[in-house]
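Here is the structure we will look at, set down as structure tokens.
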Amino acid sequence: MRKGKFITLEGGEGSGKSTCMAFIKAWLEENNIEYIVTREPGGTPLAEEIRSLILSHREEKMHDETELLLMFAARSQHINEKIKPAIEAGKWVISDRFVDSSYVYQGAARGGDLAQIDQLAAWVLQGCKPDRTLLFDVPVDVGLSRVAKRAQSDRLDDEPVAFHQMVRDAFLQRVKTNDHYALINAAQSIERVNRDVKDQLEHLKASF
Ligand SMILES: Nc1ncnc2c1ncn2[C@@H]1O[C@H](COP(=O)(O)OP(=O)(O)OP(=O)(O)O)[C@@H](O)[C@H]1O
Ligand SMILES: [Mg+2]
């Protein structure tokens, strides 16, 4: 059986990742491609419990290392219980965030040790790497003003603007040095973003 493709969506708060999922699902259905969509942190019941631990507000400060390890604990569960079995069954897997977010949030923005993240990634991913990562890039003020309308914000949404700027800069830096990225200008209208995403999906399908 031919393996499925693994596509991840990355980008800062309000860049439109979750919004684009509906378009991606419709495209996969039109093309009769078997797929699952999922998200990080989370994706399985246990990993979603870890997600709530990571994102909820509490009085006790979460140590940066705790956050990093919880992210990778959730990811291990997600990969082994959901992502790998689907890819091996020939399905395409589309994940709203994946390991690149750890390099950017726990690494660049929190000042975590990138070599340590490399070690965790090598251990936990065991070669389960995205075929394509779509980076939804939008200026920080645009992204934050889009999410400001949300009723609830999580622990990471509530970081200062400077944190979100580090996130954007780090993603843009990673695009330059990692060839699995496709840069999507997410400041465009939803229709134009979808059109650019469609080009990427068609490209991947042609190489399948
Ligand atoms: N291209 C766009 N133009 C204008 N508004 C948009 C665009 N894309 C998404 N939005 C709106 O911006 C808001 C945030 O989008 P969305 O939830 O998809 O972002 P996200 O990248 O998933 O954010 P988060 O990382 O916080 O989950 C939504 O209200 C959505 O309707
Ligand atoms: Mg989202």
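The values are calculated or read from the model by the stated rules, or taken from the named source; none is laboratory data. On a predicted model such as this, the values are computed, not experimentally measured, just so you know. Because the Cβ atoms are built from the backbone with ideal geometry, glycine has one as well, and the counts that use them run over all protein chains shown. Protein only, heavy atoms only, side chains kept; ligands, DNA and RNA dropped before computing areas. Shrake-Rupley method; radii C 1.70, N 1.55, O 1.52, S 1.80 Å.
Kindly indicate which of 107, 111, 143, 90 is open to solvent by less than 50 Å² (accessible area, probe 1.4 Å) and over 18 Å from the mean Cα position of the chain (by Cα).
90
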Counted residues, segment 125-179 - those being within 26 Å of residue 73 (Cβ to Cβ), among the charged types (D, E, K, R) and away from ligand 2 (no atom under 16 Å from the Cβ): 4
Test: residue in segment 114-129 that is surrounded by fewer than 15 Cβ atoms within 10 Å (Cβ to Cβ), over 14 Å from the mean Cα position of the chain (by Cα), on the phi > 0 side of the Ramachandran plot and not small (Gly, Ala, Ser): yes
Matching residues in segment 52-63 - criterion: being under 27 Å from residue 134 (Cβ atoms) and out of contact with any Asp or Glu (no Cβ under 8 Å at 6 or more places or on another chain): 52
Criterion: in contact (Cβ under 8 Å) with a residue 40 or more places away in the chain and either open to solvent by 40 Å² or more (accessible area, probe 1.4 Å) or of a type outside the set (A, V, I, L, M) (or both) - qualifying residue of 198, 149, 176: 198
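Residues checked against (1) within 16 Å of ligand 2 (Cβ to nearest atom); (2) touching a Cys at 6+ places or on another chain (Cβ under 9 Å); (3) of a type in the set (Ser, Thr, Tyr):
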position: 19; (1), (2), (3): yes, no, yes
position: 28; (1), (2), (3): no, no, no
position: 38; (1), (2), (3): yes, no, yes
position: 41; (1), (2), (3): yes, no, no
position: 52; (1), (2), (3): yes, no, yes
position: 57; (1), (2), (3): no, no, no
position: 66; (1), (2), (3): no, no, yes
position: 75; (1), (2), (3): no, no, no
Residues located in segment 21-49, provided they are open to solvent by less than 30 Å² (accessible area, probe 1.4 Å) and either of a type in the set (Lys, Arg) or within 10 Å of ligand 1 (Cβ to nearest atom) (or both): 21
Residue among 18, 52 that alone is more than 16 Å from the chain's Cα centre (by Cα), surrounded by fewer than 23 Cβ atoms within 10 Å (Cβ to Cβ) and within 16 Å of ligand 1 (Cβ to nearest atom): 52
Residue 60 being touching a Gly at 6+ places or on another chain (Cβ under 8 Å) and open to solvent by 60 Å² or more (accessible area, probe 1.4 Å): no
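Which residue is farthest from ligand 1 (Cβ to nearest atom), if the candidates are limited to segment 1-15 and must be under 25 Å from residue 80 (Cα atoms) and modelled with pLDDT of 95 or more?
Filtering segment 1-15 for residues that are under 25 Å from residue 80 (Cα atoms) and modelled with pLDDT of 95 or more, the one farthest from ligand 1 (Cβ to nearest atom) comes out as 4.
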